[in-house]
1. How far apart, in nm, are the 7 Å Cα→Cβ label points at Leu33 and Ala4?
2. Would you work out the charge dipole size for the chain about its Cα centre, treating the Cβ of every Lys and Arg as +1 and the Cβ of every Asp and Glu as -1, and quote it to the nearest 20 debye?
3. By count of other Cβ within 10 Å, fewest leading, how are Ile61, Ile3, Ile53 ordered?
4. Considering the Cα trace of region 23-71, what is its radius of gyration and what is Dmax, both in angstroms?
5. If neighbour count is taken as other Cβ atoms inside 10 Å, put Trp32, Trp19 in order from fewest to most.
6. In whole Hz and in residue order, list the ³J(HN,Hα) couplings for region 49-55 that follow from phi through the Karplus curve 6.51 cos²θ - 1.76 cosθ + 1.60, θ = phi - 60°; x for Gly and Pro.
7. When the helices in the chain are scored as -39500 (n - 2.57) per DSSP H run of 4 or longer and the sum is shared across all residues, what 222 nm value do you end up with, to the nearest 500 deg cm²/dmol?
8. Among Phe68, Phe13, Phe21, which comes first, second and so on when ranked by fewest other beta-carbon atoms within 10 Å?
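Throughout, read-outs are computed from the coordinates displayed, never taken from laboratory work. None of these values were measured; they are calculated from a predicted model. In this analysis, Cβ positions are derived from the backbone assuming ideal geometry, glycine residues included, and neighbour counts consider all displayed protein chains.
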Amino acid sequence: MTIADKMRETEQFNDPEQWRFDGEQSYTRDQWLDLLPTTSGLTQLHPDQPAEILDAVGGAIDSFDGRFTMN
């Protein structure tokens, strides 16, 4: 059962709408490494723990010529 189904069951809401936003965003290595700690599970780690993960992610991005595009 979906959240939309649960909403319908309550009869307290109009039928939910599904919105979709298609798009792409290109990121450089530095842009992604600046963004990653603010939007991921890294926010839950002790401050000294993300460095190893960011180094590994940076290396992966470097293998794609330092940039990638995300849908």
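1. Placing both labels 7 Å along Cα→Cβ, they lie 4.1 nm apart.
2. Dipole of the chain, to the nearest 20 debye: 40 debye.
3. Values: Ile61 19, Ile3 8, Ile53 15.
Ranking Ile61, Ile3, Ile53 by Cβ neighbours within 10 Å, fewest first, gives Ile3, Ile53, Ile61.
4. 11.2, 34
5. Fewest-to-most ranking of Trp32, Trp19: Trp19, Trp32.
6. Each residue's phi maps through the Karplus curve to give 7, x, 4, 5, 5, 5, 4 Hz.
7. Value at 222 nm, helices only, nearest 500: -13500 deg cm²/dmol.
8. Phe21, Phe13, Phe68
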